[in-house]
Each structure stands twice: as structure tokens, then as C-alpha cells.
Amino acid sequence: MDVTWNGLELMLAGGKLISKRLGLALLLGVAFLVYVSVMEGSTRWSFTPLCLLFGVACVVLSPPSRIALLDVNESAVDRVADFIGAQKLGERSLITLEGAIEAALARSTAWTGTLRGFMAIVWAVLFWFLCERVFGLDLKPEIRSYSLTWAAAGSLGLLAGLGALAAYSAAASAIHFTLRLGLAQAKIDVASSQV
């Protein structure tokens with residue numbers, strides 16, 4: 001139960017991080033829509049999807065140096081550094097801790113890769129099902145209608161799975177960046193105290 005609850009908390013925290021990014025994308029899209037409306041002199045609703053897509057592109061395609069630390073909280077980094085500093089670890093122990101953090105990152109990356117592969121298989125099966133049972137040429141209307149219900153349920157399930165995967169990835173990335181930066185700060189503190 002503890003692992004499940006922590007995993008659920010991790011996905012909820014990742015959902016908050018993703019909603020922050022989506023909010024930024026929406027804000028940029030609306031700002032661009034207002035700009036286009038002012039420059040055009042009137043609101044043309046045909047520009048709305050393009051403006052929202054522009055906002056999403058600005059967030060998704062932003063440079064890694066801009067977006068990588070967006071989810072890292074400075075106070076969390078300080079708490080991690082203070083906790084490591086309170087343990088009075090030596091340089092060798094800090095190197096071991098750094099190796100453990102890297103091993104956890106490798107495991108998390110492998111787990112995310114496995115889930116992405118599973119989502120790709122689900123997407124392929126759903127695509128095949130749509131081609132064969134919904135968009136097929138020689139289908140009876142009752143088969144098409146019945147299959148459409150299952151295709152809609154499968155699509156919603158796939159979207160939910162992709163959302164959970166994205167939330168997990170965002171939260172795990174934020175945790176790893178926080179741990180790495182906290183460890184770096186603790187190393188600096190240990191080095192400065194030895195001087």
C-alpha cells in the first residue's frame with residue numbers, strides 16, 4: 001500500500017507540474033491571440049487554434065536550459081542539502097550517495113522506457129482496431145457502431161495512460177534534479193567547511 005500511495009502521490013505531483021506547463025502554454029497562446037487580434041483590427045476565430053498551437057510549441061520546444069529547472073523548488077534543494085549536511089558525510093560517502101542517485105535515475109529512466117514501449121503497443125493495437133473494425137470498407141453498421149464504442153473507450157484509456165506516464169516522468173525528473181542539486185550544494189558546503 002505504501003508503494004502504491006507514494007506512486008499515486010508522485011503522479012499527482014507530476015500532474016501539477018504538467019498543469020503548470022499547460023497553463024503557461026495557454027497563457028502564451030492567448031497572448032499571441034490578443035496580439036494577432038490587435039494587429040488585424042478584429043478577432044478572427046480561425047487564428048485561435050494556430051495561436052494555441054504556437055503557445056504549446058513555445059513551451060514544448062523551449063531550450064532545455066529554460067525548461068529543465070522549471071519544476072525545481074529552491075527551498076526543496078536547500079532542505080536536501082541541509083539534510084545531507086546534517087548527516088556529516090565524508091567525501092567518500094557523498095560519492096557513494098551520488099552513485100545511488102544515478103542508479104535511481106537509471107532505474108526510473110528504464111521504467112519510463114518500459115511504460116513508453118507498452119503505450120506504443122497499446123497505440124498500435126488501437127490503430128489496428130480502428131482500421132479493421134471502424135474504418136473498414138465492408139463492415140455492417142451494427143459491427144461498426146459496436147466497435148466504435150470500444151475504440152472510444154480504448155482511446156480514452158490510452159490518453160489516460162499517456163497522461164499518467166507524462167505525470168510520472170515530470171515528477172521523477174523534478175525529484176532527480178532536486179536531489180542532484182541538493183547533493184551538489186552539500187558537496188560545496190563540505191568542501192568549504194574543510195578549507
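The values are calculated or read from the model by the stated rules, or taken from the named source; none is laboratory data. Keep in mind that what you see is a predicted model, and the values were worked out from it rather than measured. So basically every Cβ, Gly included, is an ideal-geometry build from the backbone, and we count neighbours across all protein chains shown. Ligands, DNA and RNA are excluded from the accessible area calculation, which covers all protein heavy atoms including side chains. Shrake-Rupley method; radii C 1.70, N 1.55, O 1.52, S 1.80 Å.
Which of the residues belonging to the range 96-107 are loosely packed, with under 14 Cβ neighbours inside 10 Å and in contact with a Leu (Cβ under 9 Å, 6 or more places away or on another chain)?
Thr96, the sole residue that qualifies.
Of all residues in the range 135-155, which are closer than 21 Å to Met119 by Cα and among the hydrophobic types (A, V, I, L, M, F, W, C)?
Leu148, Trp150, Ala151, Ala152, Ala153
Every residue in the range 81-109 that is in contact (Cβ under 8 Å) with a residue 24 or more places away in the chain, aliphatic (A, V, I, L, M) and over 14 Å from Gly182 (Cα atoms), please.
Correct list: Ala104, Leu105.
Within the range 46-72, track down each residue that is modelled with pLDDT of 80 or more and open to solvent by 50 Å² or more (accessible area, probe 1.4 Å).
Within the range 46-72, Pro49, Leu50, Leu52, Leu53, Phe54, Val56, Cys58 meet the criteria.
Inside the range 175-195, can you point out the residues that are over 23 Å from Leu10 (Cβ atoms) and charged (D, E, K, R)?
Result: Lys187, Asp189.
Kindly indicate whether any position in the range 116-126 is farther than 12 Å from Leu158 by Cβ, modelled with pLDDT under 90, loosely packed, with under 15 Cβ neighbours inside 10 Å and of a type outside the set (Phe, Trp, Tyr).
Scanning the range 116-126, I find no residue that is farther than 12 Å from Leu158 by Cβ, modelled with pLDDT under 90, loosely packed, with under 15 Cβ neighbours inside 10 Å and of a type outside the set (Phe, Trp, Tyr), so the answer is no.
Go over the candidates Ala170, Ala164, Ala151 one by one and state the one that is under 25 Å from Glu74 (Cα atoms), under 32 Å from the mean Cα position of the chain (by Cα) and aliphatic (A, V, I, L, M).
Ala170
Tell me which of these Asp138 doesn't satisfy, since it passes every other one: (1) open to solvent by less than 60 Å² (accessible area, probe 1.4 Å); (2) outside any helix (DSSP H, G or I).
(1)
State the number of residues belonging to the range 11-31 that are open to solvent by 60 Å² or more (accessible area, probe 1.4 Å) and closer than 19 Å to Ala57 by Cβ.
Of the residues in that region, 8 qualify.
Which number in (1) over 26 Å from Asp78 (Cβ atoms); (2) surrounded by fewer than 16 Cβ atoms within 10 Å (Cβ to Cβ); (3) among the hydrophobic types (A, V, I, L, M, F, W, C) marks the one condition that Ala191 misses?
(1)
Filter the range 76-95 down to the residues that are among the small types (Gly, Ala, Ser) and open to solvent by less than 50 Å² (accessible area, probe 1.4 Å), then identify the one that is modelled with the highest pLDDT.
The selected residue is Ala81.
Just a yes or no: is a residue in the range 147-165 in a helix (DSSP H, G or I), buried (at least 17 other Cβ atoms within 10 Å of the Cβ) and of a type in the set (Val, Ile, Thr)?
No.
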